[in-house]
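Asker: Below is one structure. I have some questions about it.
The values are calculated or read from the model by the stated rules, or taken from the named source; none is laboratory data. On a predicted model such as this, the values are computed, not experimentally measured, just so you know. Counting neighbours? That spans all protein chains shown, and the Cβs are built from the backbone with ideal geometry, glycine included. To get the accessible areas, we keep the full protein, side chains included, count just its heavy atoms, and leave off ligands, DNA and RNA. Shrake-Rupley method; radii C 1.70, N 1.55, O 1.52, S 1.80 Å.
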Amino acid sequence: MGEKFDTGVENTWCPGCGNFGILNAVKKALEATGKEKHEIVLVSGIGQAAKLPHYVDVNVFNGLHGRALPAAAAIKMANPSLTVVVTSGDGDIYGEGGNHFLHNIRRNVDIALFVHDNQVYGLTKGQASPTSNVGWPGSLQRAGVISEPFPPLAVAMALGCGFVARGFAGDPDFTADLMLQAIRFPGFAFVDILQPCVTFNKKNTYSWYGKMAYKLPPDHDVTNRGKAFELALEWEERIPLGVLYRKERPTFGEMHPQIPGPPLSDRDTPEETVRGLLRRRLTAAG
Amino acid sequence: MEIDVNVRVAGGAGQGVHTVSNLLARMAVAAGYHFHVTQDYMSQIRGGRNSQSVRIGSDPVRAGRVEADILLAINPDHLPHVFPAVAPGGFALADIPSAEPPLFAAPLKEMAVRAGSPILANVAGVGAVAHALGIPPETADAVFAADFRGDFFDKNRTALRLGAEWAKDHLSKEVVERFRLPVRSSAPRIILSGNEALALGAIAGGCKFAAGYPMTPGTGILSVLANDGPMVGLVFEQAEDEIAAITMAIGAAYAGARSLVATSGGGFALMVEALSLAGMMEMPVVIALAMRPGPATGMPTRTEQGDLEFVLSAGHGEFPRLVLAPGSPEEAFDLAQHAMDLAEEFQVPALLLTDQYLADTVVDVDPDAFSVRPVRRHIVRGDSVPRTGDGRYLRYATTGNGVSPMAVPGEPGITVVADSDEHTEDGHITEDHATRIRMVEKRLRKGAMLAGRTLPPLFAGPPKGDLLLIGFGSTKDVIEEARQILAREGRYAAAVHLRQVWPFPGEELAGIVPRYKTALTVENNATGQLARLIRRECGVRVDGTISRYDGLPFTPEGVASEARRRVWEKNSIPG
């Protein structure tokens with residue numbers, strides 16, 4: 001599965017890159033939705049991860065570094081019948097685009113966000129990312145990373161994100177299933193994906209993640225926010241994989257009075273309505 | 001103009017200055033007159049020294065005056081600051097224990113309390129001013145009926161009448177006779193500000209998505225889009241920052257919605273990276289920028305035209321853009337439609353450059369002055385989507401005029417691929433240099449086409465002579481009135497108003513400027529940015545600039561006196 005959306009575009013990732021596992025998972029998940037290519041939009045920012053949409057035969061909006069989420073949210077607002085998925089890196093979403101990450105979780109637009117989290121800036125050659133661990137030797141961090149890592153799942157939990165999950169590039173089938181659940185979830189759905197960087201991150205490797213990561217047991221209660229928050233904070237000793245939390249609430253598209261109805265591109269502007277708006281400002285003769 | 005009375009209302013924020021100017025202006029219209037309101041306010045929620053000038057005239061009024069014929073000081077503490085601006089023969093009203101003409105002690109608060117609410121002191125003041133103007137109190141009834149119900153309607157009516165009765169008993173006969181407006185027949189007029197007109201024009205131009213982060217003086221545009229937009233199915237969202245606002249607008253544009261953002265200089269500075277994105281992705285987006293004095297936070301509630309060069313060069317890389325500069329509310333309505341249309345036709349970012357003066361100026365307009373043109377979409381759908389032999393759609397297909405037919409996602413059988421990297425015709429990343437050259441040239445061809453559609457400058461006055469005044473944007477009607485003041489003295493100047501500043505109407509200007517002994521730009525900035533632009537683009541002589549950069553707008557007398565000094569008075573030095 002996954003061949004449906006193959007493209008002939010030349011891939012420029014490093015051999016062995018964790019992005020390949022994520023790409024396979026994305027294609028599998030999209031095929032499993034049963035949607036056609038014209039019904040799907042992949043949105044990304046800039047970085048190695050953000051090149052992913054070019055390798056999938058669907059609609060693509062490959063915008064600016066950090067700015068994938070506002071573009072994606074507006075595409076969904078403009079045409080709710082589209083399946084909108086953001087796929088971009090940790091520097092892009094948590095660093096440059098951190099404010100948009102916070103506020104689009106609050107907005108709860110019905111889109112899915114997949115973050116390729118390799119704890120390093122790859123395309124710019126080895127600088128620390130917001131999720132790099134303290135002490136990690138980045139190329140611009142001469143004394144190693146000093147700042148505490150950004151905890152993406154805990155931040156999402158704190159903001160009331162309705163779907164919080166973590167996948168692993170080394171397990172594309174498992175990750176594809178999380179992605180499919182996220183796409184089907186009505187509301188903002190977030191999947192952080194552990195991704196080894198074979199070139200610039202010699203610490204957080206396939207085998208390191210293999211040792212640290214564990215799958216949540218089948219009896220994990222995804223409706224227990226307190227427990228999910230605890231799991232979201234697990235990082236130093238072991239890293240949980242799977243759906244941590246799931247709770248539906250009304251989406252932005254359901255709450256915003258003007259979104260239901262035809263796509264914005266199909267809405268007309270009758271002259272009489274415009275005249276009416278002008279007449280609202282009419283002052284009567286004496 | 002036969003009748004020309006300037007009423008200034010001064011008070012702190014929260015004391016109902018706006019209510020007074022609004023009520024007085026609507027009463028003047030109902031009495032058959034026209035008005036122009038300028039706002040001068042401080043960046044605070046309560047207190048401060050704010051004032052609004054309601055200039056009432058027998059002809060449509062399109063600029064303010066410095067001197068007040070009538071001053072209503074709602075807060076008497078402001079008298080020392082505002083009383084000196086009262087014109088000879090004018091008078092002032094303030095709630096003070098005693099006074100000598102031309103200052104009158106009006107017990108406004110006491111009348112308000114008698115009317116049933118101490119907050120209606122401002123309305124009692126309007127009653128007194130209206131009496132001096134000879135506008136009967138019942139003129140206000142329709143205005144009150146539109147705004148208030150029940151008990152509060154009655155209290156407002158009472159306060160206004162008490163004010164009028166007080167004026168009848170206490171204002172001197174000369175004062176009342178001097179300002180009495182002759183009875184005229186009236187017609188319904190539309191009352192709106194520059195911000196409102198711009199936003200309604202955008203709506204008329206098919207705007208269906210708007211986002212913004214509140215920033216004075218552009219916020220008024222967002223208010224109209226949020227409140228009136230739903231009538232045409234417009235989706236508005238307040239963004240977390242200006243970067244998100246414009247990125248959302250570009251996302252919505254990708255999905256086929258005509259989109260707009262509104263901001264001021266600092267917010268636009270944050271939007272600049274995405275302006276370049278719109279240039280590269282070829283996304284239509286309209287940016288309304290209401291300028292205020294900078295740098296940085298500057299003077300948030302005052303006016304300036306200091307961002308002209310900034311908007312012309314904003315954004316990394318080279319890409320075409322459209323920059324329009326409306327000179328009046330009617331023109332803002334018209335040009336906003338034009339911007340919406342051309343942005344989509346050429347798939348470029350379009351800017352509407354206004355300033356706090358125009359944004360907050362309120363006037364009365366003939367309902368027929370607004371031309372509402374049908375929205376012509378430039379998006380391809382269904383069978384009109386061009387496809388390659390193997391059925392693909394090329395978002396950036398190379399065409400003769402550079403404009404690639406724009407389809408939107410959701411079109412069965414095709415995908416729409418848009419990229420901020422340099423891209424191939426099908427929208428995918430490329431580092432191929434030959435493709436780069438083709439794409440650069442394709443984008444620039446759109447600019448050349450756009451230049452062919454440049455709106456010519458508006459010209460008034462003698463075809464040659466002593467002086468040409470050149471302005472852009474909000475100075476249009478101020479310069480026109482200055483020209484008329486000079487003409488009454490037998491000094492004939494011509495004026496050019498640039499309603500489009502990019503692509504620059506260089507050919508037209510190059511033909512006009514050399515016909516005058518002296519050519520001066522009139523600019524609300526310190527360095528003469530328009531003068532530099534004209535020299536650069538036309539290679540013609542511009543002798544200097546009448547500039548103002550204290551945060552306040554030009555007045556016709558101010559421009560006329562500066563022109564007089566530089567051109568007609570002895571030993572005048574242009575420039």
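Asker: Distance cut-off 19 Å, Cα to Cα: go down the list A:Lys227/A:Lys247; A:Lys27/A:Lys211; B:Lys208/B:Lys442; A:Lys27/A:Lys247; A:Lys27/A:Lys125; B:Lys208/B:Lys476 and report the pairs above it.
Answerer: Beyond 19 Å: A:Lys27/A:Lys211; B:Lys208/B:Lys442; A:Lys27/A:Lys247; A:Lys27/A:Lys125; B:Lys208/B:Lys476.
Asker: If you take the beta carbon distance between B:His81 and A:Arg279 as r and set R0 to 51 Å, what does 1/(1 + (r/R0)^6) give as a FRET efficiency, to the nearest 0.05?
Answerer: That pair, B:His81 with A:Arg279, gives E of 0.85.
Asker: If you take the accessible area of A alone, add that of B alone, and subtract the area of the pair, what total do you get in Å², probe 1.4 Å, to the nearest 100? Please list the in-between numbers first.
Answerer: Numbers: alone 13680 and 22820 Å², together 31380 Å².
Its buried surface, counting both partners, is about 5100 Å².
Asker: Normalised by the number of residues in chain B, what is the relative contact order in percent for Cα pairs under 8 Å and 6+ residues apart?
Answerer: Taking the mean separation of contacting Cα pairs over the length of chain B, I get 11 percent.
Asker: Per residue of B:236-244, count partner chain C-beta atoms within 10 Å of its C-beta, then hand back the mean as an integer. Write out the running numbers ahead of the final one.
Answerer: Numbers: counts 2, 10, 0, 7, 10, 4, 0, 8, 11.
Taking all residues of B:236-244 together, the mean is 6.
Asker: Please compute the net charge surrounding B:Gly465, taking Lys and Arg as +1 and Asp and Glu as -1 over other residues with Cβ under 10 Å from its Cβ.
Answerer: +3
Asker: At what distance in nm do the modelled label points of B:Asp59 and B:Ala526 sit from each other, each positioned 7 Å from its Cα along Cα→Cβ?
Answerer: Spacing of the two 7 Å Cα→Cβ label points: 3.7 nm.
Asker: Looking only at Cα atoms, what is the convex hull volume of chain B per residue, in Å³?
Answerer: On the way: hull volume 92.3 nm³, N = 575.
Dividing the Cα hull volume of chain B by its residue count gives 161 Å³.
Asker: Something else about it: As a test of the formula, what do you get for chain A when each DSSP H run with n ≥ 4 contributes -39,500 (n - 2.57) and the sum is divided by the residue count, at 222 nm and rounded to the nearest 500 deg cm²/dmol?
Answerer: -8500 deg cm²/dmol
Asker: Find how much the distance from B:Arg535 to B:Glu318 grows on full extension, using 0.36 nm per residue of separation minus their present alpha carbon separation; answer in nm with one decimal.
Answerer: So the chain would gain 76.0 nm between B:Arg535 and B:Glu318.
Asker: What's the ranking of A:72-81, A:164-173, B:526-535 by average number of surrounding C-beta atoms within 10 Å, highest first?
Answerer: Averaged packing, sorted descending, gives the order A:72-81, A:164-173, B:526-535.
Asker: Still on this model: Once label points are set 7 Å from the Cα along Cα→Cβ at both B:Glu489 and A:Glu237, what is their separation, rounded to one decimal in nm?
Answerer: 8.7
Asker: Continuing with the same structure: Going by Cα centres, region B:30-80 and region A:92-159 are how many Å apart?
Answerer: Cα centres, region B:30-80 to region A:92-159: 53 Å.
Asker: Moving on. Pop the C-beta distance of A:Arg184 and A:Arg249 into the FRET formula with R0 = 22 Å and round what comes out to the nearest 0.05. Don't skip to the answer; put the middle values down first.
Answerer: Details: r = 16 Å, r/R0 = 0.72.
E(calc), rounded to 0.05, equals 0.90.
Asker: Turning to a different aspect of this structure: Across peptide B:419-431, what mean number of C-beta atoms from other chains lies inside 10 Å of a residue's C-beta?
Answerer: Averaged over the peptide's residues, the number is 4.
Asker: In nm, to one decimal, how far is the modelled label at B:Ala142 from the one at B:Leu444, with both set 7 Å along Cα→Cβ?
Answerer: Output for this residue pair reads 5.9 nm.
Asker: Here is a follow-up. Looking at the square roots a ≥ b ≥ c of the eigenvalues of the Cα gyration tensor of region B:192-369, which shape do they give, rounded for a/c under 1.5, prolate if a/b is larger than b/c, or oblate?
Answerer: Since a/c stays below 1.5, the shape of region B:192-369 is classed as rounded.
Asker: If you don't mind, there's one more thing I want to ask. Applying 1/(1 + (r/R0)^6) with R0 = 25 Å to the Cβ-Cβ distance of B:Asn227 and B:Met42, what FRET efficiency is obtained, to the nearest 0.05?
Answerer: 0.45
Asker: Name the helices (complete DSSP H segments) of chain A with a Cα length along the long axis of 20 Å or more and a Kyte-Doolittle mean of at least 0.0, or state none.
Answerer: Long hydrophobic helices here: A:18-32.
Asker: Run the numbers on chain A and let me know its relative contact order in percent, using alpha-carbon pairs under 8 Å that are six or more apart.
Answerer: Dividing the mean separation by the residue count of chain A yields 18 percent.
Asker: For chain B, what is the mean residue ellipticity at 222 nm derived from helices alone (per DSSP H run of n ≥ 4: -39500 (n - 2.57); sum divided by total residues; nearest 500 deg cm²/dmol)?
Answerer: Theoretical 222 nm ellipticity from helices: -11500 deg cm²/dmol.
Asker: Averaging sequence separations of C-alpha pairs under 8 Å and six or more residues apart, then dividing by the length of region B:458-571, give the relative contact order as a whole percent.
Answerer: Working: 196 pairs, mean separation 35.1, N = 114.
Reported as a whole number, the value is 31 percent.
Asker: Ignore the peptide's own chain and count Cβ atoms of other chains within 10 Å of each Cβ in A:36-48; give me the average, rounded. Walk me through the numbers on the way to the answer.
Answerer: Values: counts 3, 5, 10, 3, 3, 8, 2, 3, 2, 1, 2, 0, 0.
The mean count of partner-chain Cβ atoms within 10 Å per residue comes to 3.
Asker: Here is a follow-up. Is the protein assembly as shown best put as rounded, prolate or oblate by its Cα gyration tensor, with a ≥ b ≥ c the root eigenvalues, rounded for a/c under 1.5, and otherwise prolate when a/b is larger than b/c, oblate when not?
Answerer: prolate
Asker: Let me ask another. Where the accessible area of the protein assembly as shown is counted over protein heavy atoms with a 1.4 Å probe, how much of it, in %, is carbon and sulfur?
Answerer: C and S fraction of accessible area: 53 percent.
Asker: Longest span of chain A, sites excluded, free of GluC sites (Glu not before Pro) in DSSP loop with at most 10 other C-beta atoms within 10 Å?
Answerer: By the stated rule (loop sites, at most 10 other Cβ atoms within 10 Å), A:11-235.
Asker: At what distance in angstrom do the alpha carbon centres of region A:195-260 and region B:131-185 lie from each other?
Answerer: So the two Cα centres are separated by 68 Å.
Asker: Excluding A:Leu82 itself, what net charge comes from residues whose Cβ is under 15 Å from its Cβ, given Lys and Arg +1 and Asp and Glu -1?
Answerer: -1
Asker: Find the Cα radius of gyration of region B:458-571, compare it with 2.2 N^0.38 Å by division, and give the number to two decimals.
Answerer: Working: Rg = 12.8 Å, N = 114, 2.2 N^0.38 = 13.3 Å.
This ratio for region B:458-571 stands at 0.96.
Asker: So if each residue of separation counts as 0.36 nm, and I subtract the Cα-Cα distance between B:Lys109 and B:Ser172, what length gain in nm does that give?
Answerer: Working it through step by step, the gained length comes to 20.6 nm.
Asker: Solvent-accessible area per residue for the protein assembly as shown at a 1.4 Å probe radius, Å²?
Answerer: I get 36 Å² per residue for the protein assembly as shown.
Asker: Could you compute the net charge surrounding B:Ser313? Neighbours are other residues with a C-beta less than 15 Å from the C-beta of B:Ser313; K and R count +1, D and E count -1. If you can, show how the numbers build up before the last one.
Answerer: Numbers: positive: B:Arg321, B:Arg532, B:Arg536; negative: B:Glu273, B:Asp307, B:Glu309, B:Glu318, B:Glu537.
Value of the local net charge: -2.
Asker: Give the angle, between 0 and 90 degrees and rounded to the nearest 10, that separates the Cα long axis of helix B:265-281 from the longest principal axis of the Cα atoms of chain B.
Answerer: The helix B:265-281 is inclined about 30 degrees to chain B.
Asker: Rank-order B:348-355, B:180-187 by packing density, defined as the average count of other C-beta atoms within 10 Å over each peptide's residues, highest first.
Answerer: B:348-355, B:180-187
Asker: In addition: What shape does region B:465-515 have by the C-alpha gyration tensor, where a ≥ b ≥ c are the square roots of the eigenvalues, rounded means a/c under 1.5, and otherwise prolate means a/b greater than b/c and oblate the rest? It would help to have the intermediate numbers written out before the result.
Answerer: Details: a/c = 4.85, a/b = 1.50, b/c = 3.23.
Oblate shape, in that a/c is at least 1.5 and b/c is the bigger or equal ratio.
Asker: Follow-up question, since we're still on this one. Across all directions of projection, what mean area in square nanometres is found for the Cα convex hull of region A:131-208?
Answerer: Over every viewing direction, the Cα hull of region A:131-208 projects on average to 6.1 nm².
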